[in-house]
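Asks: Have a look at this one.
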Amino acid sequence: MLDETLYDPALQTMTRAVHLLASRVPAPRKVSHKDSFVFRYIERSIHQAIVQKLARIVSTLVAAHLLMTHGFVQEQAALQRILSELHEGVRFLSLAIIMGEVTPLHRDYLAAFFEEEFDEDTALESTQKRPMIPRRKIQAYIARSESPEFDPSTGTELARTVTKMYSG
């Protein structure tokens with residue numbers, strides 16, 4: 001059985017933290033979409049992307065908790081890969097802020113992140129042209145930035161190994 005005395009307060013604290021961070025970036029605005037509207041971040045800033053990823057981390061942790069409490073251990077483990085990728089994304093974007101340098105790789109990542117999923121009225125007609133930034137490039141950047149005194153290929157290989165562990 002899970003120890004709810006730790007997990008629930010931790011999730012509540014993370015939720016409050018995400019709400020606090022979200023209040024510090026420009027809010028999404030209504031944008032016309034077909035016969036209705038959607039909410040979008042107009043500025044498409046690195047900070048907005050980090051907040052969105054942090055919100056996904058918290059919601060994925062809630063989902064993992066629900067799966068675990070109902071005995072769906074393998075399904076919960078599948079969410080660990082999602083959490084790993086979200087965590088890498090937050091680290092990658094945060095390092096650009098910490099280092100004071102938004103690289104072309106960061107700009108490409110943000111462009112892909114904020115790209116609309118579908119460009120036509122239906123998913124089947126859409127070109128779904130969103131580019132995907134290879135995880136190995138993100139992992140290499142993180143390895144170079146977090147441990148410049150070590151061989152970055154070792155850090156990249158470790159990250160790749162952990163990612164593969166969750167993929168089967």
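Asks: Evaluate the relative contact order of segment 4-138 (contact order divided by residue number), counting alpha-carbon pairs under 8 angstrom at least 6 apart; express in whole percent. Working shown, then result.
Replies: Values: 100 pairs, mean separation 24.3, N = 135.
With pairs under 8 Å counted, the relative contact order is 18 percent.
Asks: Continuing with the same structure: Just to check I understand the Karplus step: with θ = phi - 60° and J = 6.51 cos²θ - 1.76 cosθ + 1.60, what whole-Hz values come out for segment 45-61, glycine and proline as x?
Replies: With coefficients 6.51, -1.76 and 1.60, one gets 7, 4, 5, 5, 5, 4, 4, 4, 5, 5, 4, 5, 4, 5, 5, 5, 5 Hz.
Asks: Taking 0.36 nm per residue of separation and subtracting the Cα-Cα distance, what length does fully extending Tyr7 through Lys34 add?
Replies: Details: separation 27, 0.36 × 27 = 9.72 nm, distance 4.14 nm.
Length difference between fully extended and current span is 5.6 nm.
Asks: Consider all pairwise Cα distances in segment 32-98 and report the whole-number % of them above 15 Å. Write out the running numbers ahead of the final one.
Replies: On the way: 1359 of 2211 pairs.
Of all Cα-Cα distances in segment 32-98, 61 percent exceed 15 Å.
Computed from the coordinates by the stated procedures, all read-outs in this text should not be read as laboratory data. Remember, predicted model here, so these are calculated numbers, not experimental data.
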